[in-house]
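See below for the structure under consideration.
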Amino acid sequence: MSVPVHIESLSKSFGKVHALENISLDIQKGELFGFIGPDGAGKTTLFRILCSLMLADQGEVTINHIDVVKGYKKIRQIIGYMPGRFSLYMDLSVEENLAFYARIFHTSIEENYDIIRDIYEQIAPFKKRRAGDLSGGMKQKLALSCALIHNPALLILDEPTTGVDAVSRKEFWDMLKKMQQTGITILVSTPYMDEAALCDRVALMQSGKLLSMDTPTQIVNDFPGNLLSIKAKGMYPLLHDLDGFEGANSVYRFGETIHLATKMNTNLMEQKLFPFLEGKGYQEIEIIEKQANIEDCFLALMEGKTGS
Amino acid sequence: MSQQDAIIQVKDLVKKFGDFVANDHLNFDVYRGEIFGFLGANGAGKTTTMKILSGLSRPTSGKVIVAGIDVNLHPEKVKRKIGYMSQLFSLYNDLTVKENFRFYGGIYGLSAKKIREQTRYYLEKLDMISFENMLLKNIPLGWKQKLAFSVANLHHPDIIFLDEPTGGVDPITRRQFWELIYEASNQGTTVFVTTHYMDEAEYCERVCIMSEGKIEALDTPKALKEQFQAKNMNDVFLKIARNVE
């Protein structure tokens with residue numbers, strides 16, 4: 001079973017800080033939907049409101065057409081929530097944590113074992129160990145098992161991969177993809193831009209605002225202008241030399257290359273750039289036209305917002 | 001580079017917790033002024049090594065020289081030579097920006113005048129003068145991290161240790177933070193940094209990758225990519241982690 005989520009004109013402030021500003025979006029049944037943004041984007045606040053743990057100042061949210069404020073008791077039965085920080089009892093064993101969550105929801109591990117089997121089997125050899133003594137990756141698997149044990153129709157995961165290494169992150173996403181096959185709706189938030197590509201649709205968020213919302217492919221297609229990936233010997237001075245080059249809208253480092261965004265024709269740009277860089281004495285110059293990735297788009301959207 | 005240029009020398013470092021070997025015969029040097037990336041999966045033993053290098057934890061066996069000081073013999077002396085910042089803890093939320101500078105400057109024994117000068121220098125550089133009387137808890141994370149980096153540099157340490165300094169920081173601020181790292185490195189400070197962002201691994205001069213308490217690879221990003229026939233550092237990391245399992 002899975003459910004749709006409807007969010008309309010949602011706002012929430014803490015004193016002077018606008019944690020959420022007029023957010024509206026719809027999530028379809030069975031979607032794997034990502035909220036992508038840095039700390040302070042409003043992801044956690046949004047999830048807390050969705051889970052009926054916090055009241056919005058304005059706007060409304062329905063899950064499966066049930067209002068999360070008026071129908072909070074029903075809502076809590078159908079969602080599984082894995083918060084960013086706390087969800088496990090460190091003094092209880094692996095098995096005890098799971099049994100505890102099962103009983104809260106009036107069910108048992110046995111009754112819903114099929115749902116968590118794939119994930120739980122990986123940590124079952126350690127079921128007598130205290131949760132506090134598990135590695136980060138194992139804690140995450142246990143927390144996910146606990147969020148799933150009552151067979152929720154909507155799974156809400158708040159930054160499950162923050163502080164997790166690249167290998168475990170990949171494993172976690174493989175797990176989510178597999179879980180999605182069972183038909184459950186999944187909402188997941190992350191500060192890692194590269195994880196956007198793994199979602200059906202994403203919302204890019206920054207400082208309480210929605211910068212963009214679409215499929216990852218469409219967001220990338222909507223990148224304003226063209227992108228050149230540039231490499232040469234001496235990357236640090238290169239960044240400063242490219243910054244301010246005529247026709248360059250933005251210049252950012254991306255790993256071993258520099259991405260230069262431009263509104264100009266890329267061939268024309270290349271023809272101007274080569275002699276410019278050679279004139280500056282650069283060697284082993286490489287300029288390739290490249291498709292923007294989600295992080296390029298996020299940077300462009302951020303610049304649009306600040307007006308710089 | 002020659003042996004004299006090694007500001008950190010680690011020889012046969014072993015650290016055990018009971019039967020568990022967190023650091024298993026580590027051998028490596030870090031050169032003066034370089035940006036040294038220290039990577040590894042969660043639980044690989046990175047934090048253990050960093051604690052030993054910064055004088056917070058003693059090795060079970062082996063020799064560790066940091067800025068000319070044997071950390072086993074003089075852990076307190078090491079602390080004066082290094083700066084440290086992490087994502088989890090760096091500055092006090094209930095103090096203002098200025099108070100944080102004063103507090104850390106005092107800990108490192110700087111004069112009141114020197115602290116005032118340095119505070120002004122860094123706040124001007126970060127374009128944050130107007131924030132000096134603001135409580136730290138009211139400052140956005142990315143700015144906080146840039147402040148924390150400046151505070152960790154207050155006493156002009158030989159080496160600065162950065163433990164996941166950019167986790168959760170927005171993509172623009174993340175790049176600004178690396179500008180600060182380059183600047184410090186250009187001025188001769190050695191930067192020892194951990195990160196989970198693999199694009200940042202490319203920004204390091206050399207990268208050390210740990211797995212299960214051992215060093216699996218140590219070289220320039222370029223050489224590592226050739227060695228593992230990988231197109232980027234993310235691939236290098238995935239290949240190493242998979243081979244170990």
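Quick rundown of the values:
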quantity	calculated
Fewest-first ranking of A:Met90, B:Met233, using other Cβ atoms within 10 Å as the exposure measure	A:Met90, B:Met233
Radius 13 Å from Cβ of A:Ser52, net charge of other residues (Lys, Arg +1; Asp, Glu -1)	+3
Computed E for A:Asn249/A:Lys73 - FRET, C-beta separation, R0 51 angstrom, nearest 0.05	0.50
Trypsin sites (Lys or Arg not before Pro) lying in DSSP loop within the range B:143-245, provided at most 15 other Cβ fall within 10 Å	B:Lys231
Separation of alpha-carbon centers, the range A:195-223 and the range A:224-301, rounded to whole Å	23
Antiparallel bridge percentage (DSSP; both residues within chain B; nearest 5)	55
C-alpha center-to-center spacing [the range A:125-167, the range A:93-110] in angstrom	14
Charge sum, other residues only, whose C-beta stays under 15 Å from A:Ile123's C-beta, Lys/Arg counted +1 and Asp/Glu -1	+1
Neighbour-count ranking [beta-carbon atoms within 10 angstrom, fewest first] of B:Ile82, A:Ile115, A:Ile149, A:Ile109	A:Ile109, A:Ile115, B:Ile82, A:Ile149
Shielding by partners, peptide A:32-44 (average Cβ within 10 angstrom, other chains)	3
Qualifying GluC sites (Glu not before Pro) in the range A:181-275, DSSP loop, other Cβ atoms within 10 Å at most 13	A:Glu246
Helical segments meeting 30 Å axial Cα length and Kyte-Doolittle 0.5 threshold in chain B (DSSP H)	none
Sites A:Met90 and A:Glu8, calculated FRET efficiency, Cβ-Cβ separation with R0 56 Å, nearest 0.05	0.90
Fraction of antiparallel bridges per DSSP, chain A only, in percent to nearest 5	65
Length added when fully stretched, B:Lys51-B:Leu135, from 0.36 nm per residue minus Cα-Cα	27.3 nm
Crossing angle, helix A:94-104 versus chain A [Cα axis fit, 0-90 degrees, rounded to tens]	70
Hypothetical label at A:Gln283: residues of the range A:211-239 whose amide nitrogen lies under 20 Å (7 Å Cα-Cβ projection)	A:230-239
Proxy reagent accessibility, fewest Cβ within 10 Å first, across B:Ser57, A:Ser189	B:Ser57, A:Ser189
Net charge contributed by nearby residues that have their C-beta within less than 12 Å of A:His6 (K/R +1, D/E -1)	-3
Histogram of C-alpha separations across the range A:224-291, 10 Å bin width, %	22, 64, 14, 0
In the range A:85-129, GluC sites (Glu not before Pro) in a DSSP loop with at most 16 other beta-carbon atoms within 10 Å	A:Glu110, A:Glu111
Sites A:Phe274 and B:Thr220, calculated FRET efficiency, Cβ-Cβ separation with R0 22 Å, nearest 0.05	0.25
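The numbers here are math on the coordinates, done by the rules we state, and not lab data. Just so it is clear, the structure is predicted and the values come from calculations on it, not from any experiment. With ideal geometry, Cβ positions are generated from the backbone for all residues, glycine too; neighbour counts draw on all protein chains shown.
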